[in-house]
Every structure is written in C-alpha cells, then in structure tokens.
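Every number here is computed from the coordinates shown, using simple stated rules; none is lab data. Fair warning: this is a prediction, and the values are worked out from it, not measured in the lab. FYI the Cβ positions are ideal-geometry reconstructions off the backbone, even for glycines, and counts take in every protein chain you see.
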Amino acid sequence: MPHVRRRLLLRLDAPPARTRALVVDVMHLQEQGDGSFTGPLPHDTTRSATLRVDVADDAPGASRVTLVATSALHVPFFQWFFGPVVVFVLRRLVRHAAATLEAAAHGEAPPPPPGTPTFLPAVAFDDAQIHLLAAVCAFGALASYAGALFGQVGDPIRQSFHVGTPALGNSLAITRGGALVALVVGAAADRRGRRQLLAVAFCGLCLSNGLAAVAPNLAVFTGTQLFTRAFVNAIVIIAGIAAVEDAPDGARAFAAMMVGLSAGAGYAVSVVLLPIADAGSEAWRILFAVSAGSILLLPALMRSLPETRRFHELTARGIRGRASQVVDRAYGPRFVALAALAFLTSVFSAPSAQLTNTFLRDERGFSNSAIALFRAVTNGVPGVLGLVLGGRLAESRGRRWVTVVALAVSTAIQVGFFLASGILLWLTSTFAIIGAGAAALAIGTLDVELFPTEVRGTSNSLLLVCGVAGSVVGLVVAGNLKSVLGGLGPSIALCGAAPFLGALLLAPRLPESAHRTLDDVSPSQI
C-alpha cells in the first residue's frame, strides 16, 4: 500500500530530556526501542496517519527535533485526487504538531486545532467503508457520463435523424419512462443487495449505450435511451444508498457529497468530449461507444465493492421489507413530502438540464465548442463548490435549512438565466449551479436517511418515479410552449415556479436528520 510522508525539522531551546518528556505528555506519543516516539498524528480525522518524532542534541541546552508524518490512506480509483489532498493535510498537521511542541517548550498556550479539511471527512472511515465509497463513486461517475450524453449532443442527434426540436423534446420525455425499469431494479436492491444490483444495472447501461451508438433512426435511439436512463437512475439510486447507509455517523452528508462530486466529474467528461460531435454529422456516436466500452472496468469495480454492512446485517437477521412500509404511519408523511418535492423540482430541472444546450445554440448563437467552454466555466468549479458547500452546511446547519434556502435561491437565479443574454448568462449560470448543487446534496441525503434499510431502495425508486413524472411534465411544457411564449428560454423559465413553491411549502415540513444516528432517524418497523 503506498504511503505519503511529510518531514519537518524543528530546533527547540530545551534540553533533550525535557523535550522527550513534552513529546510524551503533550503529544501523547509512545517511546520505541530505538529512542524514537510514535503514535497517531494529532487531529488526523482519517485516523490513517502516524507521527514519528526523533529528538537529538543540538547546541548546549537545545534539541533538534525531527517530525515525520506518514499516511497510509489509499482510495481506489481516486488516489490521483486524494493523494495531493493528503499531502496538503499532512503538511498542515505536522506544522501544527511542531507549533504545539514549541508552545509547550516555551510555556505558552497551544495553538488552536486545525479545521476539518474540505475533502476529508470529519470522522474516520475504515478500509471497507473507503473501498465501498470509492467504488460507488466510480459507478456514479461512469453512469453520469452515460446519462448526460443525450442532453449534451441532442442537437447533433436531431440533425442526424432530421427531426425538429419538439420531436427531440418528446424523445427526451419518453426516455423518462425508464424510471419504471429503475423502480424494479431499485426495489430488487432491497432483496438481493446493493452490490449485485449495481453490477446488473451497469451491464445494462453499457449494452443500451452500445446499441445507441449504432441506432439507425430516432425511434430506435429513443428506445435505447429509455433503458439507458433506467439503468443510470438505478445506479445513481443504489450508489447513493450504499454510500450514505454505510458511512459513519457524522459523515453521511460527506459520503453523499463525494458521490455527487464523482457524478459531476462524469458529467464534466461528457462536456469536455462534446467537441467530438463537431467532427462530423455522425461523430456523436463515438461518445456513446466510449460509454459502452466502460464495461471493461467492471471487474476492477466489483473487486473493490463489498456489500453494505447494514444490508448484510439485515439479511443475517432474516428481515425483509414491505413496500407498504413506505406509506405507513411512520414513514408515509415524509414520503408524501419528498415525493411532491421531487415532482416539483424535476418540472424545472429536467428541461433546464436537457434543453440548455439547445437554448444556447438556437437562441443565443453558441457553437458546440462554445457550449463546451460555457459549461466548463459556469458548471465545473461552481458545481464542485455547490456540492462542497452543501455537504458542509448540511452537516453543520442541517439538511432542511440547506434545502429551503439553496433550492429557492438557485431556482430564482436559474429562471433569470433563461431570460438573460450576454455576460448575465455566464453570471446567472455560475451562481445557479452553486445553489442547485447544495440543494441536490441536501435533498439526496434526506431521501436516503428518512427511510429504513429494508425499504430504502424501494422508497428511493418511488421517489425517482415521482421525479420522472415531473420531468416529463417539464419537458413537454418547455418544448410545446416554445412558440406560444416566444422562445425556448421563456418556456423553461415558466417551469421555475414549481420548485420555488416546493422550497417554500414542502421542504420546511421535512424532519431534520443531521446530528442523529441513522437508526434513530429511520428505525426498522419490522
């Protein structure tokens, strides 16, 4: 297993004997047989780092202290991202440890503890939890890329099949019917487990996008994308459930944040590859072939993916959920509120996500390359910022508060985007994605937390169906009112009234799950 090390040399105006005593008393390290001192690195939230301190004579009455921090944290598939984060954190923690030792030597108060790093959890994950989270994040990234393709290359597809914008909007709406397939897969995850159903859904996703790459007409292509959408939704649901229900208390929103960030990375890849569609009238097919080829990664993903502990414990006790639990006295009110919220938010989010490229191209004169640049600038870093902000606030301020504020503000700004032009397009898109990311993070965490393990897949699949119903309404309204309202922008903006009402009327009714154990929030009713 690879290790990351950071080394710091410190000179103290204290004799070696006193310095050694301070290392034990202040830093709580244990003396080893070779004269060094080792132990956990103070304030390391991952609990994967150790600190070694060596004390030697320097000048008379002074000591030379060497501090070496070593982290064994390894995150499958994402070490390229977490490696630099760990290096940064180790450097900061070693400096803090040195400052603490120096303050003790001078009889001063210790420095305040460093804050929790943005991309590391506030509580420790064990190796199994790290591997599971990394694997479901990888599944989420691949699914997000696959699911984004239709919306990203909608115009080249429309031109390739010689159809108009209304036909494209209707095709997008039809693909939402895949939620019924996703409902079956999600419910099966409550019976067969998260791990097995993730593998099944991923195989189906790769097959359907492989067929999309060679589709001869829009009807066949729409059929393939109906199943693509179904399997993407199933993967997103099951990955989110697995991440949140297996995370330690105090880090459930963090786990949801990491799944969201990985999905954003998959979406970003679809944006980066968008210029390929400009290479020729049929070049968009290459992007779907890339998605199909990701099936080659399945063996590596499955090797890193254990079953969640909660599901394993549930099956060991012989517990099986009932669909009626979702709407019983204990969970029915929260399901109704979340279902209505899912419907209303999707009325706006679906046309906003799927038809923005068409809006930019047809009504604002953007090329595919310009759209790729616009998306990268306004959705890339701002989207990450929104998820990170949502994750931190959801843990500290609560999921409900983030949902109300972020959803209302982001909706208002996004409505402005579809009525704006020029520089305002860039500004409104940037700020809207920040709020939307925070709201999606909080709502997604609540969707998982507010139902017990034995019906978590069923409940979240039903919520998906409600969201898809809202998507169909939004896509049909936006596509067919284009001529009535004088453009696609105003017709999409009109749909923004739905989530705004949801933020003000429904979100405040949701129970708060922050700072509570998952078993306290949603205990089994069996």
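Using 7 Å Cα-to-Cβ label points, what is the residue 126/residue 396 separation (nm, one decimal)?
Between residue 126 and residue 396, the simple spin-label model gives 3.0 nm.
Between residue 524 and residue 118, what's the calculated FRET efficiency when r is the beta-carbon distance and R0 is 41 Å? Round to 0.05.
Working: r = 34 Å, r/R0 = 0.84.
So the FRET efficiency works out to roughly 0.75.
Could you work out the mean projected area of the convex hull around the alpha carbons of the chain, in square nanometres to one decimal?
Details: hull surface 107.2 nm².
Mean projected area for the chain: 26.8 nm², to one decimal.
Sorting check: for 43-51, 139-147, 24-32, 220-228, which peptide has the highest mean count of neighbouring beta carbons within 10 Å, and how do the rest follow? Numbers along the way, then the final one.
Numbers: 43-51: 19.7, 139-147: 26.6, 24-32: 14.3, 220-228: 21.4.
By packing density, highest mean first, the sequence is 139-147, 220-228, 43-51, 24-32.
Using only Cα atoms, locate the centre of the range 193-213 and the centre of the range 265-333, then give the distance between them in Å, rounded to an integer.
With the range 193-213 and the range 265-333 each reduced to a Cα centre, they are spaced 8 Å.
Give the calculated FRET efficiency between residue 38 and residue 163 to the nearest 0.05, with a Förster radius of 56 Å applied to their Cβ-Cβ distance. Mind showing how you got there, number by number?
Working: r = 68 Å, r/R0 = 1.21.
Efficiency for this residue pair is about 0.25.
Amide H neighbours of residue 513 under 5 Å, at least 5 residues apart or on other chains, H built in the peptide plane: list them.
Here 399, 400 satisfy the definition.
So between residue 322 and residue 517, what do we pick up on full extension, going 0.36 nm a residue minus the alpha carbon distance? Before the final figure, lay out each step's value.
Details: separation 195, 0.36 × 195 = 70.20 nm, distance 2.27 nm.
Separation in residues times 0.36 nm, less the Cα-Cα distance, equals 67.9 nm.
Which order, highest average first, do 331-338, 181-188 follow once you tally other Cβ atoms within 10 Å for each residue and take the mean per peptide? Numbers along the way, then the final one.
On the way: 331-338: 18.6, 181-188: 21.2.
Going from most to least packed, we get 181-188, 331-338.
Kindly provide the helix-only [θ] at 222 nm of the chain, computed as the sum of -39,500 (n - 2.57) over DSSP H runs of four or more divided by all residues, to the nearest 500 deg cm²/dmol?
Numbers: 22 runs with 343 residues, N = 526.
So the calculated ellipticity at 222 nm is -21500 deg cm²/dmol.
In the neighborhood of residue 303, defined by Cβ-to-Cβ distances under 15 Å, what is the net charge if each Lys or Arg adds +1 and each Asp or Glu adds -1? Show your work: numbers first, answer last.
Details: positive: 195; negative: 127, 307.
Taking every Cβ under 15 Å from that of residue 303, the sum is -1.
Measuring from label point to label point, each 7 Å out along Cα→Cβ, what is the residue 385 to residue 307 span in nm?
Spacing of the two 7 Å Cα→Cβ label points: 4.4 nm.
Could you give me the radius of gyration and the Dmax of the range 4-104, taking only the C-alpha atoms into account and expressing both in angstrom?
Considering the range 4-104 through its Cα atoms, Rg and Dmax are 14.2, 51 Å.
In Å and from the alpha-carbon atoms only, list the Rg and Dmax of the range 299-410.
For the range 299-410, the Cα radius of gyration and maximum Cα-Cα distance read 20.4, 60 Å.
If each residue of separation counts as 0.36 nm, what is the full-extension length gain between residue 31 and residue 426 once their alpha-carbon separation is subtracted? It would help to have the intermediate numbers written out before the result.
On the way: separation 395, 0.36 × 395 = 142.20 nm, distance 5.82 nm.
So the extension gain works out to 136.4 nm.
So, by mean Cβ neighbours within 10 angstrom, what's the order for 60-67, 234-241, 106-113 with the highest one leading? Walk me through the numbers before you get to the answer.
Details: 60-67: 16.9, 234-241: 28.2, 106-113: 9.9.
Order by mean packing, descending: 234-241, 60-67, 106-113.
Are there any helices in the chain, counted as whole DSSP H runs, that stretch 24 Å or more along their axis by Cα and score at least 0.0 on average by Kyte-Doolittle, and if so which? Before the final figure, lay out the partial values.
Details: long enough: 79-105 (39 Å, 0.90); 127-152 (37 Å, 1.13); 194-212 (27 Å, 0.99); 218-246 (41 Å, 1.39); 252-272 (30 Å, 1.40); 332-364 (44 Å, 0.42); 399-417 (26 Å, 1.13); 423-449 (40 Å, 1.59); 456-480 (36 Å, 1.20).
Going by DSSP H runs, the hits are 79-105, 127-152, 194-212, 218-246, 252-272, 332-364, 399-417, 423-449, 456-480.
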